[in-house]
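A short worksheet on the structure shown next.
The values are calculated or read from the model by the stated rules, or taken from the named source; none is laboratory data. The structure presented is a predicted model; accordingly, all values stated were derived computationally and were not measured. So basically every Cβ, Gly included, is an ideal-geometry build from the backbone, and we count neighbours across all protein chains shown.
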Amino acid sequence: MKTNKLGILAGLALFGGAAFALESPNKQLDVSVTVNPDQSLSYAVKRNGQAVLLPSPLGLTLAGEDFSRGLKLVATSPVKPVSEQYTMAVGKRAAVRYQANEQVYSLANGAGHKMEVAFRVSDDGVAFRYIVADPNIGAKRFVSEATGFAFNPKARAFLQPMAVAKSGWGKTNPSYEEHYQVDIPVGQPAPLKAGWVFPALFRSGDTWIALTEANMDGAFHASRLASDSPGGVYRIAGPTAPENFTNGGLLAETSGTLATPWRVLAIGSLNTVMDSTLGTDLAAPAVPFDAKLVQPGHASWSWPLLKDGATVFDVQKKFVDFAVDMKWDYTLVDAEWDKQIGYEKMAELVRYAAGKGVGILVWYNSAGAWNDAPQTPRNMLLTPEARAKEFARLREMGIKGVKIDFFGGDGVSMIKYYVDILKDAAKAGLLVNFHGATLPRGLERTYPNLMTAEAIRGFEFTTFDQRDENAVPAHAVNAAMIRNLFDPMDFTPMVFGDKAQIKRVTRNGFELAESVLFLSGIQHFAEIPQGMAGVPEYVRTFLRELPRRWDDSRFLTGYPGSHVAVARKSGDSWYVAGINAGRSERSIELDLSFMGDRKGVMITDGVGQREFSKAELTAGKLRLTIKPRGGFVAVFQ
């Protein structure tokens, strides 16, 4: 945008309420921001000149301050190019470059108090946030947000319902653990009346839009989409009353600068959205953390199939040996270890594992009044002093990381609890896995010790109820394409053997493909030694050699609830994986020309549900057939 044009348009906006567009670097996306005749604020998004978002509301309401109406645009900043490069240990890409154009709009309400709205437009989407820094406003207490996303009435939605707070087992909801509603009309109300979680995926014509938020620093609550979206206008909603730390705050409040997280919209073709890194691009840069301790990896884990009774010394020692045999990096020791093993024997287990090159991870209950789950250790991490003491003890024992479960929602005090845990764990050199938890929202960039988080109806549910097992094929596709889009996901995948009292519906190729499809800093595999012993040696070799982190990723093909295939690069090798959720065979076309003339070996399903087969491939344009509820992996070198 030329300077003289910018000056003219800014003048129109100041004096006439006109709108003007902020363009992406490649000029395919643009955002127009308008002060409407009724003095409300709105924005609209176009892709290649076609409407993606219709005029959508903007604004905040604070206690005693209304920034949703009666607004006047008083200044616009020059358009500023933003360029950042950063590295990630966890995720779809190790080295990331973010480029965008930014403009800040300053507005005054009827009282003359000011709010800023900062917009950024990149080639793969749009982001904006509100900043209230006016020193004439004392306590800035958040009340509500007017932000909306207005879709064409013909658009379709792919959404996960938010669970009602303090519902479910042990009052442990909300944990982002519902099944997705796929390809529903926009405007359909959320079934549980508690809203829809992020990421939220939409399709409007040939354009896809994924909504999320990023840059959580513990000073602001986490949000969701409201339950009702009349006319296809989805609005930001906040947490409900029970979603706070014991006696803690629910909504953001400060006497300094109030800044919301970035509201993020990845926009483009399905490939563009699936390959986007906006969820971490808009997160804060990494805090200092010893790079030698940032060790993504694979873990053995007894609990998914063997449950609480297996958390005893002798069984966990066998799972350390299992990790050694599989050349995995960690063994996770789950709930009740403090009672059934104890600290002294745990120290012995840590020494045994360390002698074999395996790290030990241990489980904690986040505890507090927000859950009734009895599993221990609990009440150990609730204060800074308690965390410092416990984390120091763990590091002295040689434990590598913690899995913390059963959090209480999205209130600002609960988000601060997450962030404080990450900070204190970083000081102690401990890796972190959040379970029964909210979506990370880019925290893995800011805190490199955050390896993964659940925030999905993961594998464990399939061991409880046949209905969850029956839903796995479509659910796994949705998990890979929606939940895992920006943030690491601890689905705890992969089993080749049996599940007690459950009939497994997926083929072994499907299960193996999850090891590549799902992104998690530490991939906790659900399979146990007995099940692994029944697969061919070439499958075990594949899992032994599977990379711990990825240099690059490319979405190849897919559709939510149906099928998905991706390629991931590690060093000079490309790994390709795909799954088919359907009850019949599916043929897919993969363009692997970007790999050159690499030769590959594919592992896929054999004739029977529990059988494997191998085939040799050459990169290029391939047509593959995936068996019903089956899958494949391929390695090209």
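Six or more apart or on different chains, Cβ atoms under 8 Å: show the pairs whose first residue is in the range 129-142 and free of Cβ contacts under 8 Å to residues at least 24 places away in the same chain and whose second is assigned to a strand (DSSP E or B).
Asp134/Lys114; Asp134/Met115
Would you check if Val535 is assigned by TED's automatic domain parsing to the domain that holds Asp334, more than 29 Å from the chain's Cα centre (by Cα) and either not in a loop (DSSP other than H, G, I, E, B) or not acidic (Asp, Glu) (or both)?
Numbers: assigned by TED's automatic domain parsing to the domain that holds Asp334: yes; more than 29 Å from the chain's Cα centre (by Cα): yes; either not in a loop (DSSP other than H, G, I, E, B) or not acidic (Asp, Glu) (or both): yes.
So Val535 fits the description; yes.
Taking the options Glu611, Glu585, name whichever one is surrounded by 13 or more Cβ atoms within 10 Å (Cβ to Cβ) and in contact (Cβ under 8 Å) with a residue 40 or more places away in the chain.
Checking each option against the conditions leaves just Glu611.
For the list (1) closer than 23 Å to Ser366 by Cα; (2) buried (at least 20 other Cβ atoms within 10 Å of the Cβ); (3) out of contact with any Phe, Trp or Tyr (no Cβ under 7 Å at 6 or more places or on another chain), I need the number of the one condition that Gly218 fails.
Answer for Gly218: the failing condition is (2).
Can you tell me which residues in the range 38-64 are of a type in the set (A, V, I, L, M) and exposed (fewer than 14 other Cβ atoms within 10 Å of the Cβ)?
Of all residues in the range 38-64, those of a type in the set (A, V, I, L, M) come to 41, 44-45, 51-54, 58, 60, 62-63.
Ala63, the sole residue that qualifies.
Output yes when any residue across the range 456-477 is of a type in the set (Phe, Trp, Tyr), surrounded by fewer than 24 Cβ atoms within 10 Å (Cβ to Cβ) and either under 15 Å from Val633 (Cα atoms) or outside the structural domain of Asn215 (by TED's automatic domain parsing) (or both), and no when none is.
yes
If I ask for residues that are among the hydrophobic types (A, V, I, L, M, F, W, C) and in contact with an Asp or Glu (Cβ under 8 Å, 6 or more places away or on another chain), which ones from the range 578-604 would you list?
Once the filter is applied, which keeps residues that are among the hydrophobic types (A, V, I, L, M, F, W, C) and in contact with an Asp or Glu (Cβ under 8 Å, 6 or more places away or on another chain), the range 578-604 yields Ile579, Val601, Met602.
Given the options Ala286, Ala310, name the one that is on the phi < 0 side of the Ramachandran plot, touching a residue at least 60 places away in the same chain (Cβ under 8 Å) and outside the structural domain of Ala210 (by TED's automatic domain parsing).
None of the other options fit; the residue is Ala286.
Yes or no, residue by residue, for (1) among the small types (Gly, Ala, Ser); (2) farther than 29 Å from Asp465 by Cβ; (3) at pLDDT below 95; (4) not in a loop (DSSP other than H, G, I, E, B):
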position: His179; (1), (2), (3), (4): no, no, no, no
position: Val182; (1), (2), (3), (4): no, no, no, yes
position: Ala194; (1), (2), (3), (4): yes, no, no, no
position: Ala219; (1), (2), (3), (4): yes, yes, no, no
position: Ala241; (1), (2), (3), (4): yes, yes, no, no
position: Phe245; (1), (2), (3), (4): no, yes, no, no
position: Gly256; (1), (2), (3), (4): yes, yes, no, no
position: Asn271; (1), (2), (3), (4): no, yes, no, yes
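Ile482 passes all but one of (1) of a type outside the set (Phe, Trp, Tyr); (2) assigned to a helix (DSSP H, G or I); (3) surrounded by fewer than 24 Cβ atoms within 10 Å (Cβ to Cβ); which number fails?
It is condition (3) that Ile482 fails.
Please work out which one of (1) buried (at least 17 other Cβ atoms within 10 Å of the Cβ); (2) under 26 Å from Asp124 (Cβ atoms); (3) of a type in the set (A, V, I, L, M, F, W, C) is the condition Phe67 fails and give its number.
(2)
For the range 85-100, which residues satisfy the criterion of being touching a Lys or Arg at 6+ places or on another chain (Cβ under 7 Å) and over 14 Å from Gly442 (Cα atoms)?
Gln85, Ala94, Ala100, listed by residue number.
Which condition from (1) touching a Ser or Thr at 6+ places or on another chain (Cβ under 9 Å); (2) part of a strand (DSSP E or B); (3) surrounded by 17 or more Cβ atoms within 10 Å (Cβ to Cβ) is the one that Tyr86 breaks?
Answer for Tyr86: the failing condition is (3).
Given the range 96-154, what strands (runs of 3 or more DSSP E) lie entirely inside it while holding 2 or more residues that are under 30 Å from Lys27 (Cα atoms)?
Answer list for the range 96-154: 114-122, 125-132, 148-150.
Return yes when Ala210 is closer than 20 Å to Arg120 by Cα and either outside the structural domain of Thr61 (by TED's automatic domain parsing) or in a loop (DSSP other than H, G, I, E, B) (or both) and no when it is not.
The answer is no for Ala210.
Condition check ((1) assigned to a loop (DSSP other than H, G, I, E, B); (2) free of Cβ contacts under 8 Å to residues at least 60 places away in the same chain) across all residues:
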site	(1), (2)
Asp410	yes, no
Ser413	no, no
Tyr418	no, no
Ile421	no, yes
Ala425	no, yes
Val432	no, yes
Leu439	yes, no
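Quick one: Gln316 ticks every box in (1) in a helix (DSSP H, G or I); (2) of a type in the set (S, T, N, Q); (3) touching a residue at least 60 places away in the same chain (Cβ under 8 Å) bar one, so which box is it?
(3)
Show the residue pairs meeting these rules: Cβ distance below 6 Å; 6+ apart or different chains; first residue within the range 558-576 and within 18 Å of Ala89 (Cα to Cα) and surrounded by fewer than 22 Cβ atoms within 10 Å (Cβ to Cβ); second residue modelled with pLDDT of 95 or more and polar (S, T, N, Q).
Arg568/Ser553; Ser573/Gln637
Within the range 221-228, is even one residue touching a Lys or Arg at 6+ places or on another chain (Cβ under 8 Å), polar (S, T, N, Q) and either in contact (Cβ under 8 Å) with a residue 40 or more places away in the chain or surrounded by fewer than 22 Cβ atoms within 10 Å (Cβ to Cβ) (or both)?
Yes, the range 221-228 contains a residue that is touching a Lys or Arg at 6+ places or on another chain (Cβ under 8 Å), polar (S, T, N, Q) and either in contact (Cβ under 8 Å) with a residue 40 or more places away in the chain or surrounded by fewer than 22 Cβ atoms within 10 Å (Cβ to Cβ) (or both).
Residues are listed down the side, and each one gets a yes or a no for (1) in contact with a Ser or Thr (Cβ under 7 Å, 6 or more places away or on another chain); (2) modelled with pLDDT of 95 or more; (3) in a loop (DSSP other than H, G, I, E, B); (4) among the basic types (Lys, Arg):
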site	(1), (2), (3), (4)
Arg467	no, yes, no, yes
Asn470	no, yes, no, no
His475	no, yes, no, no
Asp487	no, yes, yes, no
Asp490	yes, yes, yes, no
